[in-house]
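Here the structure is laid out as structure tokens; the discussion comes afterwards.
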Amino acid sequence: MIFWGNFNLNEISLVALNAAAYLLLFLLPGRLTPQVRTLSLLWGFTMGVIFDFTIGGGLVDLYMVNDSNQYEAFDVMYYLLFAPFGYLFFYFYEVLGINRRTFILYVVVWSVVGVGAQWGTTLLGIITFQKGFQVAYTFPVFLITQTVSGLYLECVKSRQPVMAPAKKKSERYGLSRKFT
């Protein structure tokens, strides 16, 4: 493993994208329970890394991450981007109230978002396709991962609450006593 091949646009982009993605997670209202929030981050990271190692590296090797086919330290920055996508998938699934009727549309929309993100990473030089692979070929991969993610979230919802209870307004700034 090397630290990085060349420090250029793709490494700078990874730092900026990670900062923006994790800032967004920090700024969103905490609607998911802490357990589900952690699970969503781990789920996004794990699903992304599994598929990335399956089709992006290893025997298939359809694309190169960053500057070389060897693993670099900045590849970790790329893999860390998967976690916020997992969180946002879970978050909006609950906020939008996805059900059986809207599940397929939700999965398709998130698959398009995934393809768009993949396309963006190619423009920034983070991903370089090899062996005739094209960005459109990632759509079925995203359909599979998003479908499995939605089914997994439904399984989690059947066992425990996913949404955090609404916070009560603080009485700190209100009058707590009656004056007579």
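The values are calculated or read from the model by the stated rules, or taken from the named source; none is laboratory data. Predicted, not measured: the structure shown is a model, and the values here were computed from it. In this analysis, Cβ positions are derived from the backbone assuming ideal geometry, glycine residues included, and neighbour counts consider all displayed protein chains. Remember, those area values only see protein heavy atoms, side chains included, never the ligands or the DNA or RNA. Shrake-Rupley method; radii C 1.70, N 1.55, O 1.52, S 1.80 Å.
Take every Cα pair under 8 Å whose residues are at least 6 apart in sequence, average their separation, divide by the length of the chain, and the relative contact order is 31 percent. Dipole magnitude for the chain: computed about the Cα centre from +1 point charges on Lys and Arg Cβ and -1 point charges on Asp and Glu Cβ, it is near 1460 debye. Helix content alone sets the calculated 222 nm mean residue ellipticity of the chain: runs of n ≥ 4 DSSP H residues at -39500 (n - 2.57) each, divided across all residues, give -19000 deg cm²/dmol.
Heavy-atom accessible area with a 1.4 Å probe sorts 107, 115, 95, largest first, into 95, 115, 107.
Exposed loop sites, defined as trypsin sites (Lys or Arg not before Pro) outside DSSP H, G, I, E and B with at most 12 other Cβ atoms within 10 Å, are absent from the longest region of the chain, namely 1-99. Based on DSSP H assignment, which helices of the chain show an axial Cα extent of at least 18 Å together with a mean Kyte-Doolittle hydropathy greater than or equal to -0.5? Helices passing the filter in the chain: 9-27, 34-51, 82-95, 103-123, 138-159. Which of these values of Cα extents along the principal axes in Å was calculated from the structure shown: (1) 51, 35, 34; (2) 79, 39, 24; (3) 53, 39, 22? Here the calculated entry is (2).
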